[in-house]
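Chemist: Got a structure for you, written out below as structure tokens; questions coming shortly.
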Amino acid sequence: MVSIVDSGIGNVGSIVSMHDYLGLETVVIKHAEEVASARKLILPGVGSYDAAIDKLTRQDLFHAIKDRVNEGAPILGICLGMQLLMEGSEEGLKSGFSFINGHCKKFDNKLNLPIPHLGWNTVGVKKNGNQLFPDVNEYNRFYFVHSFYACVSNEDILTTTDYGVNFASSIHSNNVYGVQFHPEKSHRFGLSLLNRFYYL
Amino acid sequence: MVYQRIIPVLLVKDNVLVKSVNFKSHKYVGDPINAVKIFNEKEVDELIILDLDASKHNGEPNYNLLKSLTRECFMPLTYGGGVNTLNDVERIFSIGVEKVSLNQAVLNNAPFIEEAINTFGAQSISAIVNIKKDFFGNYCLFDYKKKKKKRIDLHKYTKELEDKGFGEILYYDVDGDGTFKGINQDLLKSLMKSTSIPVVFCGGAASHEELISVLKDNRNLSGIAAGSVFIYHGKHNAVLINYPQNKDRYNDNNLY
């Protein structure tokens, strides 16, 4: 059973649809008490950093999530949801959950590439034997749409992706997982990833 | 590096799928939910759904249809049509749509656009720019609701949209729409010169092969969109949902 946090900042519908397709149990949650009793959390996120932190705080979800994850519940942050797991972002002034050290930076205009990074891109697995990407050589492509990327220490990088810079497309530390891309929009690659998170 | 996208555009009118020629003569094609299911099975890169009724009748976005469509979609969905307020944008995202496309709102310089971009991020709001030639062959901005053309400097206009903070621009060549006559390469190349945000071009594609060759020739083009080539098939234009095979597209050397 996985609990999907609905705070108005993310695309909950598609995540539920994918789980339904896989025959996996989900519950969409909106309140602090529901977070406190969740076994596993998925935190989707679409939008901008500060607006998201504000929404989570206003709905008493920020502290609830912080506590539950510190107790050991696995969490998967998606897109902005991943960025919120970190300390902060150039995009805003507010602090994130700080489950994983690091900040998010904006893609440099000097790269001469369109910003946001928008479209399908491949990921390269950097950690051996990780439960989300057990096979280092497996081909995976996912849908990305973001202007900011995560800067974390090497041991927290799960996969990297090339877009002018080689950036961390997914991060992991203990029970905290974050993916910059949208598994719920990445066909069989996303189905596979969500299935693996479910069975962690 | 990011792959270039090949994107089917689905037009919805009265809750059914239609196809137009030059933005006119909308012919019935089929059931949108079925079409989305099939595209989903074909693992298309992305889908654009444009609801024609909403904008024309000052109506709201087609929420019910959207809910049914997103359930079938394991790829990104962009929705346009009748998006008039910040609340519309929020509702659309909560249903499970990745991007909202604005057309009338852009033409009318609607004030909610700035707030939408700030709240939801530039990457989730795209602008649709319909382009049509006038009698003298000049490229004009086309307002399909008022059926009016306005001669503009496309480069300047693009810059303005960029400055406004849009995350993507979809250029729709009205003169090419539904004609299979081939993509207007001059127009495309001139549009590509102006911008540093992702650009998608739509209108006039003759075949799958042409889509791929246009992507190859324009590496900075983020995506190419089309309607007729994915909906019609064969000499007699039978309705048959089709899409280039992914195994032919995604390999080590291809970026499209």
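The values are calculated or read from the model by the stated rules, or taken from the named source; none is laboratory data. In this text, all values refer to a predicted model and were calculated from it rather than measured experimentally. All Cβ positions, even for glycine, are placed from backbone atoms using ideal geometry, and neighbour counts span all protein chains on display. Just so you know, the surface numbers come from the protein's heavy atoms only, side chains and all, with ligands and any DNA or RNA stripped out. Shrake-Rupley method; radii C 1.70, N 1.55, O 1.52, S 1.80 Å.
Chemist: Of the residues that sit in the stretch B:143-165 and are touching a Leu at 6+ places or on another chain (Cβ under 8 Å) and open to solvent by less than 40 Å² (accessible area, probe 1.4 Å), which one is farthest from the other protein chains (Cβ to nearest Cβ)?
Modeler: The extreme case among them is B:ASP143.
Chemist: Then there's this: Kindly list the number of the only condition in (1) touching a strand residue (DSSP E or B) at 6+ places or on another chain (Cβ under 9 Å); (2) at pLDDT below 95 that fails for A:PRO183.
Modeler: Of everything listed in (1) touching a strand residue (DSSP E or B) at 6+ places or on another chain (Cβ under 9 Å); (2) at pLDDT below 95, A:PRO183 misses just condition (2).
Chemist: Any residue at all in the stretch B:107-123 that is more than 14 Å from chain A (Cβ to nearest Cβ), open to solvent by 10 Å² or more (accessible area, probe 1.4 Å) and either of a type in the set (D, E, K, R) or touching a Leu at 6+ places or on another chain (Cβ under 7 Å) (or both)?
Modeler: yes
Chemist: Go through (1) over 30 Å from B:ASN118 (Cα atoms); (2) touching a residue at least 12 places away in the same chain (Cβ under 8 Å) for B:ASP186 and report which single condition fails.
Modeler: All conditions pass for B:ASP186, except number (2).
Chemist: Right, next: Just for the stretch A:33-48: of the residues that are touching a residue at least 60 places away in the same chain (Cβ under 8 Å) and open to solvent by less than 10 Å² (accessible area, probe 1.4 Å), which one is nearest to A:SER147 (Cα to Cα)?
Modeler: This residue is A:PRO44.
Chemist: I'm trying to understand the selection: among the residues of the stretch A:30-58, which are more than 30 Å from B:GLU114 (Cβ to Cβ) and hydroxyl-bearing (Ser, Thr, Tyr)?
Modeler: A:SER37
Chemist: Next question, about the same structure. Only one residue in A:PHE197, A:PHE181 is open to solvent by less than 20 Å² (accessible area, probe 1.4 Å) and within 14 Å of another protein chain (Cβ to nearest Cβ), so which one is that?
Modeler: A:PHE181 is the lone residue from the list that is open to solvent by less than 20 Å² (accessible area, probe 1.4 Å) and within 14 Å of another protein chain (Cβ to nearest Cβ).
Chemist: Do you know which residues across the stretch B:175-208 are under 17 Å from the mean Cα position of the chain (by Cα), among the β-branched types (Val, Ile, Thr) and over 23 Å from B:GLY234 (Cα atoms)?
Modeler: Of everything in the stretch B:175-208, those that are under 17 Å from the mean Cα position of the chain (by Cα), among the β-branched types (Val, Ile, Thr) and over 23 Å from B:GLY234 (Cα atoms) turn out to be B:ILE197, B:VAL199, B:VAL200.
Chemist: If A:ALA51 passes every condition in (1) in contact (Cβ under 8 Å) with a residue 40 or more places away in the chain; (2) aliphatic (A, V, I, L, M); (3) farther than 19 Å from A:GLY92 by Cα but one, which one does it miss?
Modeler: Going through (1) in contact (Cβ under 8 Å) with a residue 40 or more places away in the chain; (2) aliphatic (A, V, I, L, M); (3) farther than 19 Å from A:GLY92 by Cα one by one, A:ALA51 breaks only (3).
Chemist: Take the stretch A:17-32 and flag every residue that is surrounded by fewer than 22 Cβ atoms within 10 Å (Cβ to Cβ) and either without any contact (Cβ under 8 Å) to a residue 24 or more places away in the chain or at the interface with chain B (Cβ under 8 Å from one of its Cβ atoms) (or both).
Modeler: Residues satisfying the conditions are A:SER17, A:ASP20, A:TYR21, A:GLY23.
Chemist: Of (1) within 25 Å of B:VAL97 (Cβ to Cβ); (2) open to solvent by 20 Å² or more (accessible area, probe 1.4 Å), A:SER14 satisfies all except one. Which?
Modeler: (2) is the only condition that A:SER14 fails.
Chemist: May I pose another question? Answer with yes or no whether B:VAL44 is assigned to a loop (DSSP other than H, G, I, E, B) and either at pLDDT 90 or above or aliphatic (A, V, I, L, M) (or both).
Modeler: Against the criterion (assigned to a loop (DSSP other than H, G, I, E, B) and either at pLDDT 90 or above or aliphatic (A, V, I, L, M) (or both)), B:VAL44 qualifies.
Chemist: Something else: For A:ASP54, work out the one condition from (1) surrounded by fewer than 18 Cβ atoms within 10 Å (Cβ to Cβ); (2) modelled with pLDDT of 95 or more it doesn't fulfil.
Modeler: (2)
Chemist: For A:ASN101, all conditions in the list (1) surrounded by fewer than 21 Cβ atoms within 10 Å (Cβ to Cβ); (2) closer than 25 Å to B:ASN118 by Cα; (3) among the polar types (S, T, N, Q) hold save one; what is the number of the exception?
Modeler: Looking at each condition in turn, A:ASN101 falls short on (2).
Chemist: Ok, one more. Just one of the numbered conditions (1) modelled with pLDDT of 95 or more; (2) under 30 Å from A:TYR163 (Cα atoms); (3) out of contact with any Cys (no Cβ under 6 Å at 6 or more places or on another chain); (4) open to solvent by less than 30 Å² (accessible area, probe 1.4 Å) is not true of A:GLN83; which one?
Modeler: (3) is the only condition that A:GLN83 fails.
Chemist: Also, I was wondering about something else. Considering only residues that are under 17 Å from A:LEU61 (Cβ atoms) and among the small types (Gly, Ala, Ser), which ones fall in the stretch A:5-34?
Modeler: The answer is A:SER7, A:GLY8, A:GLY10, A:ALA32.
Chemist: Also, I was wondering about something else. Can you tell me which residues in the stretch B:38-80 are out of contact with any Phe, Trp or Tyr (no Cβ under 9 Å at 6 or more places or on another chain), open to solvent by less than 10 Å² (accessible area, probe 1.4 Å) and away from chain A (no Cβ under 11 Å)?
Modeler: Listed by number, the residues that qualify are B:ALA54, B:TYR79, B:GLY80.
Chemist: A further question on this structure: Find the residue count for the stretch A:108-146, including only residues that are within 14 Å of A:SER186 (Cβ to Cβ), open to solvent by 10 Å² or more (accessible area, probe 1.4 Å) and more than 13 Å from chain B (Cβ to nearest Cβ).
Modeler: 1
Chemist: Just give me the residues in the stretch B:23-37 being farther than 14 Å from B:VAL12 by Cβ and surrounded by 15 or more Cβ atoms within 10 Å (Cβ to Cβ), in sequence order.
Modeler: B:PHE23, B:LYS37
Listed here are the residues, each with its yes/no results for (1) closer than 25 Å to B:ILE49 by Cβ; (2) more than 14 Å from chain A (Cβ to nearest Cβ); (3) modelled with pLDDT of 90 or more.
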residue: B:LEU141; (1), (2), (3): yes, yes, yes
residue: B:GLY176; (1), (2), (3): yes, yes, yes
residue: B:LEU187; (1), (2), (3): yes, yes, yes
residue: B:SER190; (1), (2), (3): no, yes, no
residue: B:PRO198; (1), (2), (3): yes, no, yes
residue: B:LEU221; (1), (2), (3): yes, no, yes
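Chemist: For residues in the stretch B:81-94 being within 14 Å of chain A (Cβ to nearest Cβ) and surrounded by fewer than 23 Cβ atoms within 10 Å (Cβ to Cβ), which is farthest from B:ASP143 (Cα to Cα)?
Modeler: By that ranking, first place goes to B:SER94.
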